[in-house]
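Structure first, then comments.
Please treat every number below as a calculation from the coordinates, not as lab data. The structure displayed is predicted, hence computed values, not measured ones. Note: ideal-geometry Cβ built from the backbone for every residue, glycine included; neighbour counts use all protein chains shown.
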Amino acid sequence: MSRIRYQNTFKMINVIIYFLISSLSLVSAQSSSDYDTYGFIDIKTDSMDVPFYIDGVFVGQHPLKEPIAVISGFHEVGYIPPEIQSKKIRDNLSDGLKRVYVSPGDTLKVFLFYDHYLSQAKRLESDYKIQSYVGVSLFGMVIYLLFSII
């Protein structure tokens with residue numbers, strides 16, 4: 001009886017080893033195919049606690065512990081939140097948002113200049129205020145001229 005028990009135990013151990021080896025080969029095959037479809041983005045900046053966005057999705061703050069895994073292809077990397085990414089801001093703040101291509105299995109290093117963004121944002125804010133003041137004053141002058149003619 002004990003000999004049958006040892007044979008059954010031996011068969012069970014062989015089955016377990018077979019499943020472990022086959023699962024390891026599946027995992028290694030999966031990771032190599034994943035490696036062929038994914039790349040990594042390593043984001044750096046010149047300031048601390050800067051929020052990072054990839055394709056409009058928050059991925060963390062500087063410093064990041066490790067590169068971010070992404071599907072290979074084109075991506076937008078930046079620190080401008082998606083809710084304030086109007087066309088005018090996207091055109092004017094080129095250093096705050098970069099369009100990059102990530103190759104499969106490659107790690108792309110992206111460096112963003114945050115201090116430069118702050119000076120640009122302040123300048124754009126003052127430009128927008130001046131534009132709005134000039135527009136309102138011109139509109140007021142047109143209305144005043146129209147009523148003075150009538």
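Once backbone amide H atoms are built at 1.01 Å from N, K98 has V77, G78 as its partners under 5 Å, excluding neighbours fewer than 5 places away on the same chain. Near T107, the amide H atoms lying under 5 Å from its own belong to F40; only residues 5 or more places off or on other chains count, and H is placed 1.01 Å from N. Applying the Karplus relation 6.51 cos²θ - 1.76 cosθ + 1.60 with θ = phi - 60° to the stretch 65-75 yields 3J(HN,Hα) values of 6, 8, x, 8, 7, 9, 6, 4, x, 7, 9 Hz, where x marks Gly and Pro. On the beta carbon distance between V59 and D36, with R0 = 35 Å, the FRET formula returns roughly 0.95.
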